[in-house]
Every structure is written in structure tokens, then in C-alpha cells.
Amino acid sequence: MRGFLGIFSREIMIIRKRFFKMLISFSVTPLLYLIAFGWGLGHKMTVEGVPYISFLLPGLIAMSSMSRSFAISSEINIARFYWHIFEEFQAAPVSNLAIASGEVLGGILRGFFASFIIIILAFLFHVKIHLNVFLFLAILGNTFTFSSLAIITSMLVRSHADQSMLNNFIITPMAFLCGTVFSLKALPGWAAGFIQLLPLSPATKAIRASALGHPMPWIATGSVFACGIVFFILGIVAIRGARE
Amino acid sequence: MIEIENLTKKYKKITALTRLTLHIKAGEFFGYLGPNGAGKTTTVKILTSLAKPSSGTARIGGCDIIATPLEAKKLTGVVPQAINLDMELSARENLMIHGLLYGMSRSVIKEQTEKWLDFVGLLPHARRAVRAFSGGMKRRLMIARALLHTPAVLFMDEPTVGLDASGRRNLWGLLKRINKEGATIFLTTHYIEEAETLCDRVGILDQGALIALDKPTALIAAAGKVVVDVYGDTGLQSHFFQDRRAAGTFAASRRETATLRDANLEDVFVKLTGRRVTA
């Protein structure tokens, strides 16, 4: 794991430099959702037995933590194709496991940063949210899974255009469809069944359950972590492949 | 220090490197010359474990670069052709990350950072963001970074590309000092003057094959110390002579414009390949 600290420290330094920019950009989308769907509809309707704004907020945490942790994919691409910084990692005596761990931990950190912003917004909007260890465990599973997926995609794509295509065809649909802003119970059985296979769906379920103070859905949480471990291993393989 | 045996690299239909065999001694300043696309960068990428060879072996300081790449990497410092600094970070932060990648402790990194930033003349700029640096400053910072973990071998892939004449000469002075301090330097370049000025020995690479290997003076002597350039209807033609008298007699006998001058490494390359190095 020699060298892991170098990669992770770079992430910390970058986050420190961009702190205010990130704070603002991570706040805008959830803020708009909360204003439009939360204030606009939130208190007038209930979904799955809770006010819509209370239902929406954990979904926003799932959505935002996913997209922010997956965003390291674009960062890695810029480091690879534009700044050539990734070459510096590859030239150093650092194992593929250390590179993957450093980058994934960076992604997890960004995902948690985005989640904390939404939790703060929740207090500002007077939305009750249960802060407990299960919530953080569920967020950890979600950010770990999507940071690991980001490693795979960033090693496979050949240009920034490919990266943006992946975002448009995989991440954006998942962000909207996996029970983040509406209940999957509203969908036809076959569609809900398919969507539940996507990794964000169990993550959303686990985050929502813990945020609403419901019992933790352990199967969903376990499947998120299992998915994350598979992606992480594939990420290491992808880094090895990208060395050539 | 560097032992390369029959190294070959193939990319699908293209053979970038053909059975390269080369031995470089500790403390040597070695120049690797050749036109663009000759296979210089491929060689550096293989020796720094950024690419795998199709066949052959290479050892750095006794470490096999294929069997024990992480051990071999600890012995090398790399200054790649493209600037690969983190532009958002300061010079000091760039060096901190590099040190951590090489498993150095923070206190040693701080100590070494002061030393090498001072060495390359960037200590007053240690806290500035790299994006504000000039091209020459970025190159010097890359050298400081490559030296931070005190490598035994320094690989430099076209380090003076994009620098003006003054920046290039400053860098040459720096490289000479690094070599005097005991580092083995493997320098790829297509600037003939650079290799002639700096290197103890040069290897000339053409289309993936090593076509000459010796001291610059020996290569020039073997080709002919004096050159007569004849500007005829078919273009420029260079003729090689071992002494000035024979060259003078030849030049005087020509009807076309003929100029007499000392030979250089560029002439050696032209004689060996029929093309210019920068072609």
C-alpha cells in the first residue's frame, strides 16, 4: 500500500483548494430540488406514508453522493489525458491496489461532502432526518460502489467525450430512476424489478430507511457493499490494463 | 547500471523497438538520439515500467524491470516529455505528493524539497501555484521532483522541448551538475547540439534499431571529421573527409557552391541514415 498516501493526499489538497467552489456547486442542485419539489409539493402530498419532502431528501443524498463520488472518473480522465498526472502515479513504485484505494477514498470523501451539504440543507428546510451510524454506513456503501465504478470507467474510456457519454447514458438515468425522487412502487412490476437491479436502488433504499428511522434493510445494504467490492476488484484490473 | 538485452516492442503491426541491446555504466551521461518516432520514448517507457516489452530483458541497478518493477522504479527518476505537474498545486505541494508516492516520510520530504528547489533555483517560488510558472520553471520543477527521492538513474525524455535557447542552456548547466553529483543520466533528445555538449556516450536510434553507439567524438571521427556541403541541382549533398586538406581540394574542384566545415553528430546521423535527425 506504499504510495496510497500520495494519491489520497493529492485529493485532500485539491478539495482544500476548491472547497468554496465545491461547496457552492454541490449545493445548487439539491437546493433547487428542495425548493421546487420540496417546498412546492413537499407538504401537500405523502409518499410511502411520509411527507414528500421527507421522502425526497434521502433520495437526494443517494443521488448527490453517487454523482459526486462517480465524478472522480472525470477528474482521473483530466489527470490522464490532459495533465498527464496519472503517468506520475504509474511511474512511481505504487501498486495498482494503492492507486485504486487512494482514488476511491477520494471519491468517498467527495460523496460524504455532498451528503453533509444536503443534511445541512435538511435542517435549514426543517426536514427531520435521523442521523445515525446506519445512515453513514449506507452512504459509505453508495460512495464506495460508485467511486469504484468510476475507476473502471475512467480506465476504459479513451477521451472526455466517451466519459460524458457514460454520464449521460448510465449515471443520469440511474440518478432519476432508482427511487430517488419517486417511489418504485408507482412503476409497473417489470420496470421496478429491472430498476432494483441497478446499484443505486438498494443504496437509496438503505439511505432512506436509515434517514427516516426505519429498520435497516440489511440485504439492500449488503448488496451495495458486495457490488462495491466487485467494482473495486475490477477497478484494480482496469488500472493494470491501462498501464499498457 | 542499466543493462538492456534484446529488447523488442511491437504495437500490433508496428515494431517500435527491435532487439535493443545496450549497457550503461553508473555515473554515465548517456544520450539517446533519433528522429521523432524512432523509438526513444518507447525505450524510456519500457525502462520506467510504463510499458511492457514484447520480448527481451532490462535491469536497472540489478533489478529486473519486468519481474520486480516496483523495486526498479525506486531506483529511477523520470522527467517525461509532456509536462505532468499538478497545475492547481504549488511547487512544494507537487513535491510533497511525489515524496509520498515514493514512500518517503514527511520530514524527509520537507528537507529534500528545500534542497532540490534551491538546486533548481525555485525556492523563492515554492508556494506559488505551478500554473503561474513559465515553461522553463516547470521543466526545472519536474527535474527537482524527479530527484526528490535521490534516484540512481534519471530518465529524461526530451527535457528541453519547447524551451528557448537561454532556457535550454540553463537546463544543460543543471543537468551537468546533477551528473557530477553521481547520478546516471539517460537523456533522449533530437537536439544534436545537446547530446554533443552533455553526453559521455550517445546511441543513435533509427526506426527502432540502434545504428551507432560510441562517444560523440569517436562517432564523428569514424564518419569523417570534415564535411564539404555541396549545393547542387539535386539539393544539398554532404561529403566526409578525415582531414582538411583533402576536403579543401575536393571543395575547390566543384563547380557548384561548396562549403567546408567541421562535422557534427547530425552529419553522423545523415551519413548513417540518409536523413536529418529532426525529419
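The values are calculated or read from the model by the stated rules, or taken from the named source; none is laboratory data. What you are looking at is a predicted structure, and each value in this text was computed from that prediction instead of being measured. Glycine gets a Cβ as well: all are built from the backbone with ideal geometry, and neighbour counts include every protein chain shown.
Summary table
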| read-out | value |
| --- | --- |
| In the stretch B:208-226, the residues that are surrounded by fewer than 20 Cβ atoms within 10 Å (Cβ to Cβ), under 17 Å from the mean Cα position of the chain (by Cα) and assigned to a loop (DSSP other than H, G, I, E, B) | B:Lys215 |
| Residue count, the stretch B:183-206 (criterion: modelled with pLDDT of 85 or more, in a loop (DSSP other than H, G, I, E, B) and more than 16 Å from B:His23 (Cβ to Cβ)) | 1 |
| Some residue of the stretch B:17-27 being within 27 Å of B:Trp116 (Cα to Cα) and in contact with a Pro (Cβ under 8 Å, 6 or more places away or on another chain) | no |
| Test: B:Met87 is at pLDDT 90 or above, in the same structural domain as B:Ala132 (by TED's automatic domain parsing) and farther than 23 Å from B:Thr160 by Cβ | no |
| Set A:Ile108, A:Ile120, A:Ile129, A:Ile72: member being at pLDDT 95 or above and under 23 Å from A:Thr204 (Cα atoms) | A:Ile108 |
| Lone qualifier among A:Ser69, A:Ser95 - being among the small types (Gly, Ala, Ser) and away from chain B (no Cβ under 14 Å) | A:Ser69 |
| Within the stretch B:100-125, tally of residues that are over 24 Å from the mean Cα position of the chain (by Cα), in contact (Cβ under 8 Å) with a residue 40 or more places away in the chain and at the interface with another protein chain (Cβ under 9 Å from one of its Cβ atoms) | 0 |
| Verdict on B:Pro53 being closer than 22 Å to B:Thr188 by Cα and touching a residue at least 24 places away in the same chain (Cβ under 8 Å) | yes |
| Elements of type helices (runs of 4 or more DSSP H) in the stretch A:167-244, at least 1 residues being in contact with a strand residue (DSSP E or B) (Cβ under 8 Å, 6 or more places away or on another chain) and basic (Lys, Arg) | none |
| Which numbered condition A:Ile170 misses (of (1) β-branched (Val, Ile, Thr); (2) under 30 Å from B:Lys52 (Cβ atoms); (3) surrounded by fewer than 17 Cβ atoms within 10 Å (Cβ to Cβ)) | (2) |
